[in-house]
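Working notes, structure below.
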Amino acid sequence: MRKALFAALAFICTATISEGAYANEEVVPLLTNARVVSVSASEDVFAKPDKAVFLIMIESDGATFKKSLEINTARLKKLQELASALGFTQTHEYINLSQESSSFIKMNRAKSYRLLRFVNFETQTMKSVPELALKIAEWDDYYLREIHFENSEIESQKNKAFSKAFEKAKTRAEFVAKEASQKLGRFVRISDTYTETSPKATPVNCDSIKVTAKVDLSCELLDIASN
């Protein structure tokens with residue numbers, strides 16, 4: 001009797017699971033039957049840079065940590081004075097320390113303390129960019145790691161690029177609909193992505209920053225006779 005009862009319950013559960021699976025499958029055609037056209041378009045706009053950011057490394061070595069730090073701090077002060085005179089402002093910095101043996105001979109326990117200080121400076125005076133870059137190139141123990149150019153109105157530039165890309169995508173969707181003897185309905189999906197392209201590493205001049213917007217549109221397709 002108990003075996004018969006378990007068998008009946010198992011049959012009921014199996015039937016319920018199968019019915020649920022078929023119910024889910026019946027929803028799929030409703031989604032795939034929607035008539036939709038999907039298109040993509042991208043556009044570029046160019047913005048004039050109005051800020052330059054420098055990343056400068058200052059190196060120093062000393063027999064003790066204190067001595068190496070004193071040397072590095074003095075070199076930082078020299079850099080700060082020059083940067084200030086050229087219209088630069090220091091934003092932030094960080095220091096790395098490595099303690100290295102001066103010899104592979106185990107009897108020699110002498111160590112050297114090597115400090116690497118990374119300092120950021122920025123300016124809105126573009127003519128000062130090559131001046132500071134030239135000085136850093138001439139000084140020993142100073143290394144110009146990167147110059148990055150920016151535009152303070154970059155968000156408005158992104159909006160301009162989006163508007164141009166959106167209109168291009170919409171025109172393309174209208175053309176596709178016309179070729180298919182259809183007309184566009186409502187937008188069912190809009191997505192966008194952006195990229196900013198400007199010189200990296202250590203360029204000393206930059207006349208423009210390229211902002212690219214890519215827009216993906218999905219629109220309903222309707223019969224021309226439908227209201």
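Every number here is computed from the coordinates shown, using simple stated rules; none is lab data. Only a predicted model underlies this, so the values are computations on that prediction, with no experimental measurement involved. Neighbour counts run over all protein chains shown; Cβ positions are idealised from the backbone, glycine included.
I need the Kirkwood Rh of the range 112-203: take the reciprocal of the average 1/r across all distinct C-alpha pairs and report it in angstrom.
Hydrodynamic radius (Kirkwood, Cα pairs) of the range 112-203 is 18.2 Å.
In whole Hz, with x marking every Gly and Pro, tabulate ³J(HN,Hα) for the range 176-188 from phi via Karplus 6.51 cos²θ - 1.76 cosθ + 1.60, θ = phi - 60°.
4, 4, 5, 4, 8, 6, 10, 10, 7, x, 6, 6, 9
With θ set to phi - 60°, apply the Karplus curve 6.51 cos²θ - 1.76 cosθ + 1.60 along the range 55-71 and write out the HN-Hα couplings as whole Hz, x wherever there is a Gly or Pro.
10, 10, 10, 10, 10, 8, 10, x, 5, 10, 4, 4, 5, 5, 5, 4, 5
Rounded to the nearest 20 Debye, what is the dipole magnitude of the range 86-197 about its Cα centre when Lys and Arg each give +1 and Asp and Glu each give -1 at the C-beta?
Charge dipole of the range 86-197: 620 debye, to the nearest 20.
Pull out the extension gain between Ala63 and Asp192, defined as 0.36 nm times the separation in residues minus the alpha carbon to alpha carbon distance; nm, one decimal. Mind dumping the intermediate values first?
On the way: separation 129, 0.36 × 129 = 46.44 nm, distance 5.55 nm.
That works out to 40.9 nm of additional length.
For the range 120-135, in order, what is each residue's ³J(HN,Hα) by Karplus, 6.51 cos²θ - 1.76 cosθ + 1.60 with θ = phi - 60°, in whole Hz (x at glycine and Pro)?
Whole-Hz 3J(HN,Hα) from phi for the range 120-135: 9, 10, 9, 8, 10, 9, 5, 5, 7, 4, x, 5, 5, 4, 5, 4.
Return the distance in nm (one decimal) between the two label points of a simple spin-label model at Glu70 and Thr91, each offset 7 Å from Cα along Cα→Cβ.
3.4
Spin-label point model (7 Å from Cα, Cβ direction): what's the Val36 to Ser112 distance in nm?
Each label point is offset 7 Å from its Cα along the Cβ direction, giving 6.4 nm.
Residues with amide H under 5 Å of Arg35's amide H, sequence separation 5 or more or different chain, H placed in the peptide plane at 1.01 Å from N; which?
Those lying under 5 Å, H to H, from Arg35 are Leu221.
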